[in-house]
Amino acid sequence: MSTSHDNDIRSWLDEAVAQMEPRLIEIRRDLHAHPELAFEEVRTSGVVAAELARLGIEHRTGVGRTGVVGTIRGARPGPTVAIRADMDALPITERTGLPFASKEEGKMHACGHDLHTVTLLGIGAVLHRMRDRLSGDVRLIFQPAEEAIGGAREMIAEGAMDGVDMALSLHNRPEIPVGRFGIVHGAANSASDSFDITVHGKSGHGARPYAAVDPIVAAAQLVGQLQTIVSREVRALDSCVVTVGSIHAGEARNVIPDRCELKGTVRTRQPEARDAAEEGIRRICEGISAGLRVRCDLVYRRGTPPVMNEEGMLQRTVDAIHAQIGDVADEYEPSLGGEDFALMAAMVPAFRLLVGSSQPGRSDKVHSSDYEPDERCIGYGVRALARTVADILA
Ligand code: NI
């Protein structure tokens, strides 16, 4: 692409985004005030569909229950690039005191998925206007239920990724200043697996433990031993977290209960660590059972794999950001959170961009009741990813 052509796209895109930004912010505030939880995004997907209709973008609703898929057809044939945004909120009561704070008790866009939804609307709006110069198609994937994990799987099952050749996604990141971006090479976040363990003992009088089998003492040892997977088993250079987040047993101080129930999560970034953690939990359950006369019933569930950022897609995005905005993309540390865009990223070369959203003096934590991202991250996200797609389909 010649320099003049390059400048041409840059100023056109900057201008287009500057014009639409107030509207995107208005829609974002409306979505923010009316958050919906996983697979309940009926109002949200209605707002998305209405905006796509207003823009003249062909779309399908009800994909994966409450998902929406938009299609922009380029003037010439070429690959199909998908961009995915998640739409769901979290079961948190908002405490920001903002004029557009959630009107729903116990529901809040505390992870900024409202920002992602309107960023994708903005990307769709500009690429639709640029369709005469695109060689290939753009697929806009508005996904439900990222937090509960399940939306991506259902949308894929209903064809959202059919014919897609490459995929992009984004997440706001309040640890990064607004106007800057974060890139992670390789596994960008973690596999998110879960386990339930029921330790079966034998109930008895608290004064006569020798006549019972104490599941609480066994569970206490189990919790301690599980940590040795991280400290003594997984390679120290790899990532592994084993967290027991729930443990329940007993009612009375002088009664040994018949069982203890534990629930936990396992986060890993490397396949070897993922296998080692599962294998270790199974073995430790068997060891505790044999050693302490209890029976540990384990249910282990593999959740989503890590999002694998493909180096080619990463580089194309970084180059586009450089051309459109400047030298504002920095390497960033991987996260130990889960993200079901991973299922889409496992199908085609993919990249998930971190968009800086920090607002000085405001809470910088997603999933907190006072999270206040800087809304300017919407415009930056639109410019970065619309330019990336425009360059890929040039
Ligand atoms: Ni999120």
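What residue among Val213, Val234, Gly264 has its Cα farthest toward the positive end of the dipole of the chain, where the charges are +1 on Lys, Arg and -1 on Asp, Glu, each on the Cβ? Of the options given, the answer is Val213. Result for the chain in a Gaussian network model with C-alpha springs under 10 Å: among Leu55, Leu226, Leu292, the largest mean-square fluctuation is at Leu292. Per residue, the accessible area of region 335-377 comes to 37 Å², computed with a 1.4 Å probe over protein heavy atoms only.
Determine the share of the chain's accessible area contributed by carbon and sulfur atoms, expressed in whole percent, with a 1.4 angstrom probe.
Accessible surface attributable to carbon and sulfur in the chain totals 49 percent.
For Ile325, the shell of other residues with beta-carbons less than 15 Å away shows a net charge of -2, using +1 for Lys and Arg and -1 for Asp and Glu. Listed by chain and number, the lysines whose alpha-carbon sits under 21 Å from that of Lys263, ignoring those within fewer than 8 places in the same chain, are Lys202.
The alpha carbons of the chain give a radius of gyration and a Dmax of 23.9, 86 Å, in that order. Here the Gaussian network model covers the chain, with springs between Cα atoms less than 10 Å apart; of Gly124, Gly97, Gly159, Gly97 fluctuates the most.
The spread of Cα positions in region 224-352, taken along each principal axis and listed from longest to shortest, comes to 70, 28, 26 Å. Annotation: per residue accessible area for region 214-322 equals 54 Å², rounded to a whole number [probe 1.4 Å, protein chains only].
Taking Cα centre as origin and charging only the Cβ of basic (Lys, Arg, +1) and acidic (Asp, Glu, -1) residues, the dipole magnitude of the chain rounds to 600 debye.
Along the chain, the longest continuous region that contains none of the GluC sites (Glu not before Pro) in a DSSP loop with at most 13 other C-beta atoms within 10 Å is 106-250. Between Ala236, Ala145, Ala346, the residue with the greatest mean-square fluctuation in the GNM of the chain (Cα pairs under 10 Å linked by springs) is Ala236. What the phi angles of region 303-314 give under the Karplus curve with 6.51, -1.76 and 1.60, with θ = phi - 60°, is a coupling list of x, 6, x, x, 6, 9, 6, 7, 4, x, 5, 4 Hz, glycine and proline written as x. Near Val244: Cβ cut-off under 11 Å, other residues only, Lys/Arg at +1 and Asp/Glu at -1. The net charge is -1. Does anyone have the angle between helix 215-228 and the longest principal axis of the chain? Alpha-carbon axes, 0 to 90°, nearest 10? Computed tilt is about 50 degrees. If you take the beta carbon distance between Glu261 and His367 as r and set R0 to 25 Å, what does 1/(1 + (r/R0)^6) give as a FRET efficiency, to the nearest 0.05? Efficiency at R0 = 25 Å is approximately 0.50.
The values are calculated or read from the model by the stated rules, or taken from the named source; none is laboratory data. Just so you know, these numbers come straight off a predicted model, no measurement behind them. Here Cβ is always computed from backbone atoms with ideal geometry, including for glycine, and neighbour counts include all displayed protein chains. In case anyone asks, the SASA skips ligands and DNA or RNA and just uses the protein heavy atoms, side chains included. Shrake-Rupley method; radii C 1.70, N 1.55, O 1.52, S 1.80 Å.
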